[in-house]
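Okay, so here's the structure we're looking at.
Each reported figure results from applying straightforward, stated rules to the coordinates on display, with no laboratory input. Note that the structure is predicted; figures quoted are calculated from it, not measured. Cβ coordinates were reconstructed from backbone atoms using ideal geometry, including for glycine residues, and neighbour counts include every protein chain displayed.
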Amino acid sequence: MNKAVQGMLMLESEEQLQGLLKKDKVLLMFSADWCPDCHFIDPFLPDLEQKYSEYTFVHVDRDQFIEICREYDVFGIPSFIGFHQGEEVGRFVSKDRKTREEIETFIDSLL
C-alpha cells in the first residue's frame, strides 16, 4: 500500500465503490503513485481525515480505475468528489496542485 494513503481506504473494485457511495458522507480522492502534485498533499492527508472524520475518505488510483475516472469526468489529479448518500454534492477536479487550505475550503463547502 502507498504510504501516502496509509489511513485512507483504498478502492479495490467498482462493486466496492457502489457500496461505499451508499454511506452518508464519502470523499473520493483520485490520485496516482507517479503524480508529484498528489504526493504534495501526503503530509497533511491524515490531519484532514481526522478533522473531517464524518467522511469516509477513499483513495481511487487513477491508473487502476481509469473507467471510474472517465465516468466521473476526472482527467486531472489530484482531484476530489464529495458524495452524500450516493449523490454527488461537490467536486474539486483539476490538474493543478492543491493546497491544504483549498482542500479544506472545498470540504467545508460540502457541509
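List the cysteines of the chain that have no other Cys Cβ closer than 4.7 Å: which are they?
When partners are defined as cysteine Cβ atoms under 4.7 Å apart, the chain leaves Cys69 without one.
Rounded, prolate or oblate, given the Cα gyration tensor of the range 13-71, with a/c below 1.5 counting as rounded? Working shown, then result.
Working: a/c = 2.99, a/b = 1.04, b/c = 2.87.
Oblate, because a/c is 1.5 or more while a/b does not exceed b/c.
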